[in-house]
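The values are calculated or read from the model by the stated rules, or taken from the named source; none is laboratory data. Given the structure is predicted, the values throughout are model-derived calculations rather than measurements. Positions of Cβ are backbone-derived with ideal geometry, glycine not excepted, and every protein chain shown enters the neighbour counts.
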Amino acid sequence: MSRLGLYAAALMALLSTTVHCQDSGGTHRAEGGRPTGMAMRGNVLWLADSPPARGDGPPRSGMGGMGGMGGMGGDRSGPPVKRLWLRAGADPQKSGFAREDTEATVDMTLVTPQGKPEGEPLPPAEEGKKNLSFEMPTQGYYRLYHTTRKLQGDTLAIAVAKAEVTNFSHGATEEERSVALTAPRVLEAAPIEIVREKNPGEKLSFQLKSGEEQAFVVLQKGLPLLGARVRFVSHDGWTKEAVSDEQGRVSFQIVRDYFPSWDDFQKRFKATYLVIAEASAAESGRFKDQPYTNVRYQATLGGTYYPSPDDYRSYAWGLGLGFAFLLFCGTAVYLYRRRRVKPFQEVRFDEKH
């Protein structure tokens with residue numbers, strides 16, 4: 001390899017080297033994909049708008065998480081249809097399909113913008129299909145609650161997997177949008193749920209970016225839940241834990257965990273996050289004619305985030321500097337070789353002398 005090629009290779013290696021930083025309050029995955037820190041209490045069920053990937057690879061591209069248009073279907077002449085998949089596991093990329101538990105009871109409630117505040121039951125999935133689907137004919141927020149109850153010894157385990165999907169099109173009037181935006185996003189009958197707190201001045205086309213702060217509120221039957229253990233899991237498995245305050249509120253900074261090569265960087269890359277809230281209470285009752293003395297609550301909420309504009313700007317700066325360096329080296333080598341070229345001189349020999 002020429003000296004110019006070695007210089008270029010060294011520069012590319014230097015610019016493409018990235019230091020992966022982590023917040024001091026966060027925790028990484030331990031061996032086997034199980035997060036360290038908060039103990040795993042059974043299986044984690046959550047709703048995603050992308051099916052599990054085959055093998056251990058990432059989910060299918062373009063399918064994204066809550067709030068986007070991934071997982072959309074239906075006839076083009078009719079209302080859009082949202083498809084969701086119930087998945088099991090605390091890793092957004094590697095969690096698989098949730099398996100049916102015959103010992104648990106399942107309730108599915110769909111709350112629509114113009115429907116009843118308490119929602120309506122969602123029909124089960126069609127035979128042979130693993131996704132849950134519903135139409136979105138009106139503007140606003142659609143919320144699906146998948147609630148399971150299961151008795152484990154003297155403890156009743158209640159898990160609420162929630163998905164919030166937005167449907168705002170350009171054809172809506174200002175009045176329709178205003179009504180949809182001001183509608184409540186809380187189900188007062190939910191044993192536990194997580195609500196993403198809207199940022200001040202948030203637009204309809206809001207997209208969460210890496211590096212930004214995002215707050216969540218944990219509620220129990222519509223009231224703030226104090227002391228709930230909340231875990232945030234990023235697309236790449238980075239986790240951080242927090243405890244809800246008197247308002248049921250926790251806040252997390254969305255870490256940057258998207259580090260592709262220059263050629264593979266996509267500024268519209270849609271990453272999935274997962275929020276898990278857990279709480280316990282000494283409550284007595286009966287479930288399926290069996291007594292219990294404790295209740296363990298678990299709530300999940302999925303969502304999406306995108307690379308920060310600063311990320312692809314830094315990539316662009318790196319590429320610009322790299323090309324500038326290569327241009328400088330190429331110009332220097334060209335001038336150097338030009339100076340070493342000896343001009344042609346004709347030499348004549350006089351054979352008479």
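Out of GLY115, GLY140, GLY96, one residue alone is surrounded by 12 or more Cβ atoms within 10 Å (Cβ to Cβ), within 22 Å of GLY222 (Cβ to Cβ), without any contact (Cβ under 8 Å) to a residue 60 or more places away in the chain and under 25 Å from the mean Cα position of the chain (by Cα). It is GLY140. Filtering LEU219, LEU187 for residues that are within 28 Å of GLN93 (Cα to Cα), surrounded by 19 or more Cβ atoms within 10 Å (Cβ to Cβ), more than 21 Å from the chain's Cα centre (by Cα) and of a type outside the set (Gly, Ala, Ser) leaves a single hit, LEU219.
The set of residues in region 203-216 being exposed (fewer than 15 other Cβ atoms within 10 Å of the Cβ) and of a type in the set (Phe, Trp, Tyr) consists of PHE206 alone. GLU193 meets the conditions (1) in contact with a strand residue (DSSP E or B) (Cβ under 6 Å, 6 or more places away or on another chain); (2) exposed (fewer than 13 other Cβ atoms within 10 Å of the Cβ) in every case but one. The failed one is (2). Residues that are in a loop (DSSP other than H, G, I, E, B) and either among the small types (Gly, Ala, Ser) or out of contact with any Gly (no Cβ under 9 Å at 6 or more places or on another chain) (or both) within region 152-183 comprise GLY153, ASP154, SER169, HIS170, GLY171, ALA172, THR173, ALA183, listed in sequence order. The set of residues from region 172-184 being of a type outside the set (Asp, Glu) and surrounded by 13 or more Cβ atoms within 10 Å (Cβ to Cβ) comprises ALA172, ARG177, VAL179, ALA180, LEU181, ALA183.
Here the condition is being surrounded by 21 or more Cβ atoms within 10 Å (Cβ to Cβ), without any contact (Cβ under 8 Å) to a residue 60 or more places away in the chain and either more than 20 Å from LYS198 (Cβ to Cβ) or touching a Phe, Trp or Tyr at 6+ places or on another chain (Cβ under 7 Å) (or both); of PHE269, PHE252, it holds for PHE252 alone. Here are some residues: ALA163, ALA190, ALA159. Which one is modelled with pLDDT of 95 or more and in contact with a Ser or Thr (Cβ under 6 Å, 6 or more places away or on another chain)? Exactly one residue qualifies, and that residue is ALA159.
Within region 271-284, none of the residues are touching a strand residue (DSSP E or B) at 6+ places or on another chain (Cβ under 6 Å), more than 22 Å from ALA161 (Cα to Cα), assigned to a strand (DSSP E or B) and not charged (D, E, K, R).
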